[in-house]
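Taken together, the values in this text are just the output of simple stated rules run on the coordinates, not laboratory data. The structure displayed is predicted, hence computed values, not measured ones. Note that we place each Cβ from the backbone using ideal geometry, even for glycine, and neighbour counts take in every protein chain shown.
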Amino acid sequence: MANQTAISDGNLPAEPNSFVGRERDLTELARLLSDVRALTLCGPGGIGKTRLALRLACEVVPGFPDGAWLVELADTEDASQVARRVADALGVVAEPDRPLAETLTVALRPRRMLLILDTCEHVVDASAALVAQLLAGCPGLRVIATSREPLRVRGETVWRVPPLELPAVTVELTAGELAKQEAIRLFAERAAAVRPGFAVDAGNSSAVLRLCRTLDGVPLAIELAAARVGALSVEQIAARVGDRFQLLASGDRTAPVRQQTLRAAVDWSYELLTEPEQVLLRRLAVFSGWNLDMAEQVCADDTIPAEQVLDLLAALIDKSLVTLDGELKGDARYRLLDTIREYATGRLDASGEGPEIRLRHRDYMLKLLEDIVAIAFVRGDPPWPVRVALYGRALTERANFRTALATCVSRGDTEVGLRLCTGLRSPWVAYGDAAEGVAWFDRFFAAQGDVSASVRARALMVRAELAAEQQDVRAAGEYAQAGLDLCRASGSGGAAVALRVLAVVSLRAGRHEEALASAGAAAQAARGDGDVWEEGLALAVEATIMAHQGRLDEAQRAFTDALEVLRDNNGWGVAQALYGFGSLARARGDHAAALGHFRDALALYREIDARPQMARCLVGIGWVALSQGDLQLARSSLSESLQLSLATGQRLAVARGLEAFAALAVASGDPARAAKLQGAALPLREAAGHAPSALTRSRLGGLLEPAGRQLGEAATAALIAEGSAMSAHEAVRFAAGPGGLAGQGLRLAVPPQAAGPVSSDPAAALTARELEITALIARGLSNRGIADELVISPATAARHVANIFSKLGFSSRAQLAAWAAQRETEGEG
């Protein structure tokens with residue numbers, strides 16, 4: 001896959017249980033999807049839209065080289081965040097001064113992939129606008145949407161999802177014939193899961209048929225009914241659900257019949273719960289996934305004591321109202337199905353408990369976040385792997401943090417909202433989510449409300465840091481100065497962040513002495529506050545400034561000081577210092593030292609999946625390899641770097657990668673290719689507002705000299721112009737085409753732990769854990785299945801799979817399975 005990041009071939013979750021029926025529907029939908037660009041599965045809640053979409057995607061994904069990707073929109077309360085959720089799922093990072101939808105369109109343009117947008121009805125306009133734009137700009141894209149209403153975009157085909165198949169009332173079937181009907185099959189399979197040995201037979205077939213007809217063949221309603229066979233006979237269930245529907249028949253007559261049916265089924269299921277179970281279920285609606293501690297802290301009180309929550313939660317799982325959603329670091333996670341969550345939310349609001357429970361949820365998330373920050377950014381214990389786990393927890397709870405932020409907005413709690421935003425600084429920076437952070441900060445800054453000087457000052461400084469990440473130098477300087485002024489005026493500490501950002505701003509403006517003064521002041525301020533994290537980062541910035549001034553020995557000492565401060569469990573800062581060492585070693589011509597430092601930094605960045613920084617390290621490795629004449633290492637490193645940069649939509653990073661490929665072309669004896677690649681990089685730099693430095697211009701000019709000598713100035717200029725006319729994706733395809741990566745057959749990325757030359761055996765790049773996961777993939781296991789087999793989280797499994805694909809250069813599980821089978825046959829496994 002020359003134009004897709006080496007992450008995986010999709011993110012489809014494993015099915016939680018067997019998929020029953022709809023064989024004809026799937027055949028027809030697969031045929032439709034081969035002809036249409038947008039397919040919307042419409043129907044009421046509980047009709048099975050999501051399960052059908054995922055099953056369809058699993059069946060057709062072999063026809064999409066770039067995989068099938070699920071984007072869940074159920075918890076997206078703000079329609080403006082639809083594009084952000086799609087970008088998050090695909091790993092595309094927003095760019096400053098560019099609409100995210102445009103960045104997405106450019107990033108997806110060369111891909112042949114399937115995108116599933118699940119639960120669009122509450123953000124249907126925004127979903128429709130994004131789908132229309134993506135379809136217009138991405139010819140290889142197909143979209144499946146699930147919604148209670150059509151998107152109404154050009155080219156859309158709407159499929160009304162029907163109930164499960166039932167025999168006509170006038171037809172009489174034997175118990176054996178009934179057992180083949182879709183709705184009956186579903187009830188029988190789910191009931192057997194609750195009561196092993198259950199089967200539809202002559203004694204219960206008429207009651208099962210009556211029950212399924214009463215439920216109108218709606219899958220969720222049938223599953224909820226089947227969950228009760230552990231306590232009731234089928235006849236009792238059918239009688240009770242019938243009474244409930246009779247009670248609801250005099251309700252809203254204008255509502256669709258099947259919507260009434262589902263409401264009746266869920267109402268009935270809710271009424272069968274004990275009062276404590278009802279209370280817990282409706283309170284759990286505030287979560288977007290949770291663990292036991294969260295449920296105990298937020299949902300427990302005098303009504304349901306904390307010690308009862310586990311048993312109540314287990315009861316709700318048994319009754320199919322709560323879903324066990326895997327594990328995170330050995331901690332079980334739970335969630336509510338969307339329809340159940342919507343229903344429980346209504347019950348929570350009707351109970352009058354809504355404001356109090358949402359406030360508890362917000363306070364819990366604030367404490368959790370501030371506890372993570374307090375542990376992750378202090379000297380001493382815990383070790384770096386524990387800190388990485390804390391980052392992972394912060395990522396897992398992103399939807400809950402968004403809910404907490406939304407609660408702050410609705411309540412006008414500006415100070416708490418800014419505290420949450422400030423606490424989310426590291427996830428937003430490290431994972432490339434600066435745009436989301438900026439949006440939340442600006443929303444609270446625009447709101448009215450009392451905010452203490454210390455909280456506002458800290459918020460301003462973190463807002464400045466996010467602006468610097470977006471290369472918005474003007475805003476970064478303004479926010480940093482405002483935060484610094486307020487910090488000094490109020491006498492509160494924490495000025496180091498603002499001073500460090502001001503140093504970066506001055507450096508990018510070429511004001512080196514001013515930058516050096518700010519960096520020194522930042523280190524001093526951090527030292528006075530006892531903030532070793534900021535002290536180390538300030539020293540690293542100071543070293544970077546010295547390196548720009550050509551003061552390499554002083555820069556080396558400053559990086560050494562930074563590393564000494566940061567090495568105590570600050571892996572991010574250590575990686576920054578190691579990258580600095582690598583840059584200095586490269587400048588001195590010490591290729592072996594540079595390579596070692598870049599690889600060490602890369603290994604740390606990989607642990608937290610900091611992809612922009614990973615790409616930067618890989619470019620460094622590529623340049624060193626070129627200096628050493630190791631073209632294989634250069635190609636593999638630059639390949640992965642360019643894929644990472646392209647996938648996140650960052651034009652400047654892509655430009656730098658193309659420039660490195662131009663140098664590779666010169667080293668390979670192809671000056672014409674070098675000229676064209678250099679031409680392709682120029683407009684990307686211009687669009688990103690980042691002209692090359694004098695040193696870069698000198699280096700790039702040197703790259704073009706061979707072309708000028710061999711081809712002539714006119715031909716070289718024509719090649720540069722031809723390259724300038726290419727899009728980023730076209731340029732990357734050209735770089736990876738004949739004479740480039742594909743021509744050499746080299747796609748193996750550099751293993752971060754390697755200290756010497758890359759082995760000729762691709763399997764040597766894999767760790768023992770990755771070889772184990774490769775074997776599981778060959779057995780046909782999904783990421784979820786791998787997670788269950790190895791007792792790890794699905795996210796961890798996905799990261800391992802991504803690394804395997806990246807290292808081996810494969811684009812699908814089928815390729816990997818074939819490779820593994822060949823190795824086993826040859827006796828290499």
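Observations on the model:
- Here the simple spin-label model places points 7 Å from the Cα toward Cβ, and for Val36 and Arg213 these points are separated by 3.2 nm.
- Within the shell defined by Cβ-Cβ distances under 9 Å, the residues around Leu719 carry a net charge of +1, with Lys and Arg each +1 and Asp and Glu each -1.
- Annotation for Ala447 and Glu415: the two label points, set 7 Å from Cα along the Cα-Cβ direction, are 1.4 nm apart.
- Gain on full stretching of the segment that runs from Ala592 to Glu235 - 0.36 nm per residue minus C-alpha separation: 120.8 nm
- Loop-located GluC sites (Glu not before Pro) in segment 104-191 (DSSP state other than H, G, I, E, B) with a sparse environment of at most 12 neighbouring Cβ atoms within 10 Å: Glu172.
- Normalised contact order of segment 48-193, rounded percent, pairs of Cα under 8 Å and 6 or more residues apart: 22 percent
- Net length gained if the chain between Glu102 and Ala314 were fully extended (0.36 nm per residue, minus Cα distance): 71.8 nm
- Residues in segment 509-516 carry Karplus couplings, in order, of 8, x, 9, 5, 5, 4, 4, 5 Hz; the curve used is 6.51 cos²θ - 1.76 cosθ + 1.60 with θ = phi - 60°, and Gly or Pro positions show x.
- Reachable lysines, given that their alpha-carbon falls under 29 Å from the alpha-carbon of Lys676 and they are not under 8 places away in the same chain: Lys807
- Taking amide hydrogens as placed 1.01 Å from N in the peptide plane, the amide H of Gly326 sits under 5 Å from those of Arg333, each at least 5 positions away in sequence or on another chain.
- Cβ-based exposure ranking for Ser727, Ser147, in which fewest neighbours within 10 Å come first: Ser727, Ser147
- Here each label is just a point 7 Å from Cα along the line to Cβ, and for Glu705 and Arg474 those points are 4.0 nm apart.
- Placing R0 at 60 angstrom, the Cβ-Cβ distance between Arg152 and Arg551 gives a FRET efficiency of 0.45 after rounding to 0.05.
- The string of couplings for segment 532-545 from the Karplus curve (6.51, -1.76, 1.60, θ = phi - 60°) is 5, 4, 5, 4, x, 5, 5, 5, 5, 5, 4, 5, 4, 5 Hz, one whole number per residue in order, with x for Gly and Pro.
- By the count of other C-beta atoms within 10 Å, a proxy for reagent exposure, Glu223, Glu271 are ordered fewest to most as Glu271, Glu223.
- Exposure proxy ranking for Lys676, Lys180, based on other Cβ atoms within 10 angstrom of each Cβ and starting from the fewest, stands as Lys180, Lys676.
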